[in-house]
Amino acid sequence: MSTYSLAIHGGAGTIRRSEMTDAQEQGHRTALEQALCAGERVLASGGSATAAVEAAVVSLEDCEYFNAGRGAVFTHDGRHEMDASIMCGATLNAGAVAMVEGVKNPVALSRLVMERSAHVFLCGAGAQDFARDMDVPFEGPDYFFSAFRYQQLEKARAQNRVQLDHSDKFGTVGAVALDLQGNLAAATSTGGLTNKRYGRVGDSSVIGAGTYANNGTCAVSCTGYGEYFLRSVVAYDVSCMMEYKGLSLQEATDRIINHKQVAIGGDGGLIAVDRNGSIALPFNSTGMYRGWVQKGSEARVAIYKNDR
Ligand code: ASP
C-alpha cells in the first residue's frame with residue numbers, strides 16, 4: 001500500500017455560521033489543522049495508523065474548544081467523567097475507558113488498555129487505578145474547568161435536561177486512519193453529555209458503537225447523541241454493510257447516517273476510511289467539525305454543510 005489517509009472530527013451538532021464569531025470559527029479551524037498535522041506527521045514517517053489516530057485525538061483533547069480531555073463538559077454534580085476508545089484494524093485489538101476523571105489524555109489511556117492490559121474495557125475507579133499504575137499524566141480540576149462549560153451546565157440543570165454538547169458548538173473528538181502498511185485504526189474521546197448523571201456512558205467508548213476498525217473493511221469514529229448510536233451499533237454496522245452487503249464506504253455510511261439514524265432520531269455523524277484510503281464524512285446535523293488529508297493532497301478542514 002503506497003498511500004495513507006487520515007480524517008478527524010470535533011463533534012457534529014447544531015453548528016450555525018450565523019452563531020459563530022470569526023474568531024471562534026478560525027480557532028476551530030486552526031485546532032483541526034493542528035490535529036491533522038499531528039496525525040499526518042506520524043503517517044508520513046511510516047508510523048502506524050494506531051499511533052496516528054492517537055496523536056490526532058491527543059491534539060484535540062488538549063484543545064479546550066472540544067468536548068474531550070481539557071474542555072470536557074460537566075456532569076450534573078460539576079465533575080468531568082470522560083470516555084475514550086481505540087481500535088487497531090490489523091489485529092482487531094481494542095482498548096476503552098469510561099468514567100475516568102483527571103486523566104489528561106483518555107485516548108492514550110485507552111491505548112494502554114489495548115496494549116498493556118489483558119482487557120478491553122476498564123471503567124471508573126478501576127480505570128483510574130490502571131492509569132496510576134501506567135504513570136499517565138493527571139491534571140487537577142482547574143485544568144478541566146471552563147467558565148463556558150459551567151454556564152452550559154447551569155443552563156441544563158435549570159431546565160432539568162441533559163444536553164448534547166455541540167448544540168452549543170463544541171463536541172466529541174475522533175480520528176480514523178489508513179497507514180502506509182495498509183493498516184486501519186480508529187479512536188474516539190469525549191466528556192459525554194452536559195448534566196449527565198448516574199454513571200451515564202455513551203457510545204464513544206463502546207467498541208462497535210462509537211469506534212470500530214477492521215482491515216477487511218473500514219475504520220469508523222462516531223459523534224452524536226450517544227444513546228441512539230449505542231442502540232444502532234453504528235460503527236460496526238458500517239463495517240457489516242461493507243462486509244456482508246458489499247456496499248462501498250460511501251454507500252454504507254450514507255445509508256446509516258442519513259437513513260437509519262434519521263429514522264430513529266439519531267442526530268450526529270461519523271468519519272470513516274476504507275482499506276483503499278477513501279474517506280467518508282456524513283452527518284445529519286447542521287454541521288460537523290471535520291478535517292481530512294490523503295498522501296499527496298492538501299489537508300482540508302470544514303465545519304458546515306457544503307463547506308468544502
Ligand atoms: N457521542 C457522545 C456521547 O453520547 C457525544 C458526542 O458525540 O458529542 O457521549
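The values are calculated or read from the model by the stated rules, or taken from the named source; none is laboratory data. This structure is a prediction, so every number in the text was calculated from the model and none was measured. Here Cβ is always computed from backbone atoms with ideal geometry, including for glycine, and neighbour counts include all displayed protein chains. When the accessible area is computed, the model is the full protein with side chains, heavy atoms only, and any ligands, DNA or RNA have been set aside. Shrake-Rupley method; radii C 1.70, N 1.55, O 1.52, S 1.80 Å.
When the residues of the range 217-236 are filtered to those that are assigned to a loop (DSSP other than H, G, I, E, B) and touching a Leu at 6+ places or on another chain (Cβ under 9 Å), which remaining residue is surrounded by the fewest Cβ atoms within 10 Å (Cβ to Cβ)? Ranking the qualifying residues of the range 217-236, first place goes to 225.
Could you go through the range 148-162 and let me know if any residue there is assigned to a strand (DSSP E or B) and either modelled with pLDDT under 95 or within 13 Å of the ligand (Cβ to nearest atom) (or both). No, that holds for no residue.
Of note, residue 115 does not satisfy the criterion of being touching an Asp or Glu at 6+ places or on another chain (Cβ under 8 Å), without any contact (Cβ under 8 Å) to a residue 40 or more places away in the chain and either surrounded by fewer than 24 Cβ atoms within 10 Å (Cβ to Cβ) or hydrophobic (A, V, I, L, M, F, W, C) (or both).
Could you please let me know if residue 250 is open to solvent by 10 Å² or more (accessible area, probe 1.4 Å) and modelled with pLDDT of 95 or more? Against the criterion (open to solvent by 10 Å² or more (accessible area, probe 1.4 Å) and modelled with pLDDT of 95 or more), residue 250 qualifies. Restricting attention to the range 291-308, the residues that are in contact (Cβ under 8 Å) with a residue 40 or more places away in the chain and in contact with a Lys or Arg (Cβ under 9 Å, 6 or more places away or on another chain) add up to 6. Here residue 246 meets the list (1) within 15 Å of the ligand (Cβ to nearest atom); (2) free of Cβ contacts under 8 Å to residues at least 12 places away in the same chain almost entirely, failing just condition (1). Considering 234, 262, the condition of being modelled with pLDDT of 95 or more, β-branched (Val, Ile, Thr) and more than 18 Å from residue 188 (Cα to Cα) is satisfied by 262 alone. Residues being part of a loop (DSSP other than H, G, I, E, B) and within 22 Å of residue 179 (Cα to Cα) are represented in the range 246-265 by at least one member.
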